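Presented below is the structure to which this report refers.
Throughout, read-outs are computed from the coordinates displayed, never taken from laboratory work. Since this is a predicted model, take the numbers as computed values, not measurements. Cβ atoms come from the backbone with ideal geometry, glycine included; neighbour counts cover every protein chain shown.
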Amino acid sequence: MHIGPVVDLRNYKEYYERFARDLGSEPRCMEFHIINSDLTQDLNAKMKGINEFLRDKNVAVSFHCPDHPLNDLTKTRLENKNPDYNKLTILFDALQEIKQKKFLVMHQGFIANKSEIEAMNIEELIELKKTIKNIASKEMNILKSKLDENTEILLEQSPVFAGANKLVHITDQCLEDFANRPFRMVQDISHIALLVSYFQQNKITDLKNKSVIGKMTEQSEARDINEQSKGIALNWMEALKKEYNGLPSSLNSIEEYLKLAKDKTAWFHLSDANGIYVTNEGLIIGAEKSTINWKSIVELIKNKEFGVLEIIGCEKDYTRIQKSLKYLKISCPQLFTQQS
């Protein structure tokens with residue numbers, strides 16, 4: 001597998017050079033994370049600079065779309081209003097400045113307020129999820145039509161929580177959610193680990209009695225973060241078992257997810273995880289209490305083409321990427337057989 005760094009519009013030249021030194025060869029892939037504040041009229045000029053930078057390099061590139069404008073499209077449709085594509089149009093127009101083939105990574109799922117979702121029963125939640133999936137699928141087809149022919153959309157699965165655990169992802173966790181969509185995927189190993197960890201807790205409540213849901217205070221939530229082995233029941237996760245007549249096969253283990261997803265996978269996000277919450281994902285690889293067996297995972301993905309080290313906070317601290325790369329080179333050298 002070719003391993004590369006995650007970069008942004010401000011650090012990509014520096015990170016490319018530093019990663020090349022640490023890797024021992026030129027990286028063959030990298031992912032640019034675009035944030036909301038990047039979606040301005042000068043984005044075209046910045047993309048021209050990236051295109052010039054890439055001109056003499058053999059580097060596959062992906063661009064990660066901000067989640068908020070995507071989520072706003074679905075929310076607007078739910079409110080029976082016409083969506084505003086202006087921010088995404090800025091990004092799509094600017095991407096045309098990148099002349100080579102590239103990926104655009106998107107979360108098609110939906111982010112909602114945790115308290116509102118917890119107040120719903122399972123049946124209501126499942127109906128909402130069906131509506132959201134239908135809307136999101138139509139929106140994705142609209143977005144695809146606005147992209148140039150050199151850009152391929154990749155869908156990424158959603159984790160359990162978002163936004164410091166005050167927000168939640170309520171669609172697109174299991175691979176089965178993606179089965180009938182005409183898009184390939186980026187597999188985020190950290191996200192899969194969080195999802196699998198939820199269902200592997202020692203004590204998962206049945207939820208036929210919904211009274212266990214919606215009563216977590218900030219104090220009890222903090223306690224559960226520290227004592228996850230005691231288990232916590234989340235209705236938006238338990239709904240998956242109702243939707244698929246039992247636990248979806250892809251969430252039995254990280255390995256099972258990856259085996260089932262092999263034909264739909266184009267790209268990997270590599271980072272560690274050690275729980276189910278926001279603070280448990282995107283960690284430096286080799287993290288304490290990791291729930292990922294990297295030797296096992298590497299055996300499944302080593303012959304795939306591209307993987308980037310998507311470590312939380314790496315845009316401000318390159319050493320997070322550096323430490324992850326060092327861990328993989330020592331512990332999983334077989335991952336680097338395609339680097340030269």
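Before moving on, here are some points about what is shown:
- Difference of contour (0.36 nm per residue) and Cα-Cα distance, D93 to N245: 50.4 nm
- Here the relative contact order of the chain, from alpha carbon pairs under 8 Å that lie six or more residues apart, stands at 20 percent.
- Computed from Cα positions, the angle between helix 122-145 and the longest principal axis of the chain comes to roughly 20 degrees.
- Label-to-label distance, nm, for residues given as H68 and N80 (7 Å Cα→Cβ offset): 2.8 nm
- Computed E for E17/E152 - FRET, C-beta separation, R0 41 angstrom, nearest 0.05: 0.90
- Multiplying the residue separation of A119 and Q200 by 0.36 nm and removing their Cα-Cα distance gives an extension gain of 26.7 nm.
- Scaling against 2.2 N^0.38 Å puts the C-alpha radius of gyration of segment 2-336 at 0.98.
- Stretching the chain fully between I142 and K316 yields a gain of 59.2 nm (0.36 nm per residue, less the alpha carbon separation).
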